[in-house]
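Report on the following structure.
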Amino acid sequence: MAYKRSGGGRGAAQQAVNFVGISVLAGVVLAGLALPAVGAMGLGVKNTAQGFDELPGELKRPALSQASHILDADGGEIATVFSRDRTIVPLKDVAPVMRKAIVAIEDYRFYKHGAVDPKGVLRALSKNAESGDVSQGASTLTQQYVKNVFIEEAGDDPDAVAQATQQTIGRKIKELKYAIQLEQELGKKQILENYLNITFFGQQAYGVQAAAKRYFSKSAKDLTLPQAAMLAGLVQSPSRYDPINDEVEAKKRRNTVIQRMYEVGDITEAQAEAAKKKPLGLNVTRSRNGCITAVHGAGFFCDYVREVFLDDPTFGKSKKLRVKRWNEGGLTIRTTLDPQAQKSVQASIRRHVYRSDPVATAVTLVEPGTGKILAMGQSRPYGFASNQTQINYSVDRSAGGGAGYQPGSTFKPFTAAAALEEGMSAGKTYPSPYEMPYPSVSDCAGNNYPGTGTVPNESRQEVGPYGMPDAMKKSVNTYFVSLEADVGLCNVMQMTRKLGIAKRAGGEKLGIGAAYTLGVNEMSPLTMASAYATFANRGTYCEPRAILAVRDAKGKSLRVPRTSCRQAMSTQTADTINTMLKGVVDFGTGAQAGLTDRDSAGKTGTTDFRYAAWFVGYTPNMAAAVWVGDPKHERKMINITIGGRYHGKVFGADTPAPIWRDAVSGALVGKPVETFNTVPLPRPHHSKKPDEDDDNGDNGGNDNGGNDNGGNDNGGNDGDNGHGHHHPRPRPSFTLPPGVIGGNDGGNTTGG
């Protein structure tokens, strides 16, 4: 015995009610062909006629949401971002067969009737009365377009979308009035163009161009008959006829459209039969939305571009407007990203650090003189799975990064630059004992920070006196603490401020104290690369720049802020620093970063307990910073395997430096070979013991890894740079005692 499904039948009374409802709707639609007052008679309800008259006179048509395209400096696409994947095209760029297909299946009398098709209404009325349900609609393409405008205006608000699509007399009245208006205002061709650009074709594709790209990886102007018929068939129910999920149902629907095209005379019977036999022929391009889909590991750079865009009033008066413009504005944003440099960075990262390693690396390249960010990558890719992250390790927290990482001895050149600017000689000599008390220092407001505890060098054999070049090459802590005290902490901080360092990466105030020169304030790779680019640019600092040009959906160029540069130090000071840091790479702790075919300079850095290791360096036309460490600041880099290579201890010289070398050398292939403007460096009296060789460093481990970067350990075999000099492995330095750094955060702050 068959059981009647609950709710499966309709009684006579219910069918009668349904018929009356359809009749009322028919009256509304038919009446709409005349004046609103006449239309009201067809409603049979006074307040409905009044509502018709009270509707706004014009339909508000918001700009259609379009995808924005993020491009590299060469015009290649990095990523596409959108709220709705749509690219508007004129009707002339839609294949004629596509235009015919959509009209044939959705409104074959489109060119013969006005806003409403009376024959279509009567046909639907008859069919629906017979079935006891609304099995056939009577909306014209113009009315459907109006409905889609309501949906577009609702955006992603589910309540607004539900209201825009509800099956009520009131909504139909709105559709009717505005359809009449649009028929008079736009004409058939423009309405068809608008319809094809606004309607949803499934699989996140809005508009015919996006649909053609999604399903067939081609433009709408190149669609064939079978392809056009399939897309036209999707409009009625994109999920039911989805060819990706149900090819059989999609093909049936496609053939229905083809048959309809034959019946209305758009194609011949032979063409119809041949087209029906064709396979769907899908060539799907999957939806790729957002920075997470960026090519060549540029997701984090893309994210940085987004943060810059959303933070800049140039692109909109409020952040809400800028967010809407980014997601919906159909922008074309050309960025500074150099595809060659980006590929080189990612290749170097893959070679040296695995995504599954217990620590990570981040690399940022900038161009001296312009501030252009050429590349930005990290070992843990953009994502939500294991060994992935959404945090950009290369930038400050305000730009989507984290709290940053202590840069260690990579900070020492800033103290040297401040000293040179104050007229001190590079030959300035200090006793530089193995260990000494921290001196008292004062900030620019006159606040005094008394020295607390002692600062050691790495090795007990690391004893001065030293001059600035050797102290830089060997990264001598006691030398730079003495130099800082002599030149004044205020002058050092003013120098770092000129180099773009005004706060810590996490946004907190800089910690102040005698250990400032040892790099205890957390920084991001972008900040450090931009600061070092100042040396390469002979003293002129340029703020980082990521956006070159922006065009709106109509191709109009928008104003983009220009690069902001300022003189941070004299060319003489910069040239002196370049000469000293070139020596660090040629003969000091940075030997493993040295390039064989062009000038390079830089500084290593390794923090306390090896939570982080750095190399920041540059050529005359490119600067880069490399950080390696645990973003959570929990894993010490001792007895650790990174990139398949075991390290008893990690140094700035043996892990970040080779990453820097490979990344920069690949990025510079084909670029001009430029040289530094070097200057003679004074030789200090008694800067070394009589039996020591300046080129080889000292046998006692003269460089510090810890907060000072890493110096020379007499047991290393990794120091041969190919120039005939042996460079022992650097070693870490010390732990800062409490109270050395003042300000908001005392002591040695954590990074990441």
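Sequence neighbours fewer than 8 away in the same chain don't count; with that in mind, list the lysines whose C-alpha is under 19 Å from LYS671. Of all the lysines, those that pass the test against LYS671 - Cα under 19 Å, at least 8 places apart if same chain - are LYS343, LYS372. Our note on the geometry: Cα centres of region 279-298 and region 228-257, 21 Å apart.
Measuring between their Cα centroids, region 646-678 and region 539-558 lie 29 Å from each other. Report, please, the projected area of region 217-286 averaged over directions, based on the convex hull of its C-alpha atoms, in nm². Computed as one quarter of the Cα hull surface, the answer is 4.7 nm².
Could you sort 84-90, 434-440, 661-667, 476-482 so that the peptide with the highest average Cβ count within 10 Å comes first and the rest follow in order?
The packing order, highest mean first, is 476-482, 661-667, 84-90, 434-440.
Measuring max minus min along each principal axis, the C-alpha atoms of region 613-657 give extents of 36, 22, 14 Å (largest first). Projecting the Cα positions of ALA593, GLY583, VAL616 onto the charge dipole of region 563-642 (unit charges on Cβ atoms of Lys, Arg, Asp and Glu, taken about the Cα centre) puts VAL616 furthest along the positive direction.
Taking the Cβ of ALA95 as the center, what net charge do the other residues with Cβ under 12 Å away carry, scoring Lys and Arg +1 and Asp and Glu -1?
+3
Taking only the Cα atoms of region 350-444, the ratio Rg/Rh comes out at 1.10, with Rh defined as the Kirkwood radius. Remark: region 304-426 carries a charge dipole of roughly 620 debye about the Cα centre, counting +1 on each Lys and Arg Cβ and -1 on each Asp and Glu Cβ.
Region 304-341 and region 198-212 have their alpha-carbon centroids 24 Å apart. At q = 0.13, 0.24 Å⁻¹, what is the base-10 log of I(q)/I(0) for region 566-671 according to the Debye formula with one equal point scatterer per Cα and no solvent? Please give it to two decimals. For region 566-671 at q = 0.13, 0.24 Å⁻¹, log10 I(q)/I(0) is -0.51, -1.22. Cross-link partners among lysines for LYS112, C-alpha distance below 27 Å, same-chain residues fewer than 8 apart left out? Cα-Cα hits under 27 Å: LYS60, LYS92, LYS100, LYS127, LYS147, LYS172, LYS174, LYS177, LYS188, LYS189, LYS221. Computed with a 1.4 Å probe over protein heavy atoms only, the accessible area of HIS296 comes to about 90 Å². Using a simple spin-label model with pseudo-atoms 7 Å out from Cα toward Cβ, CYS444 and ASN639 lie 4.7 nm apart.
Percent of C-alpha pairs per 5 Å bin in region 251-295, short distances first: 5, 20, 20, 13, 8, 8, 8, 9, 7, 3.
The values are calculated or read from the model by the stated rules, or taken from the named source; none is laboratory data. From a predicted model like this one, the values you see are computed outputs, not experimental measurements. Please note: Cβ atoms are built from the backbone with ideal geometry, for glycine as well, and neighbour counts cover all protein chains shown. Accessible surface areas use protein heavy atoms only, side chains included; no ligands, DNA or RNA. Shrake-Rupley method; radii C 1.70, N 1.55, O 1.52, S 1.80 Å.
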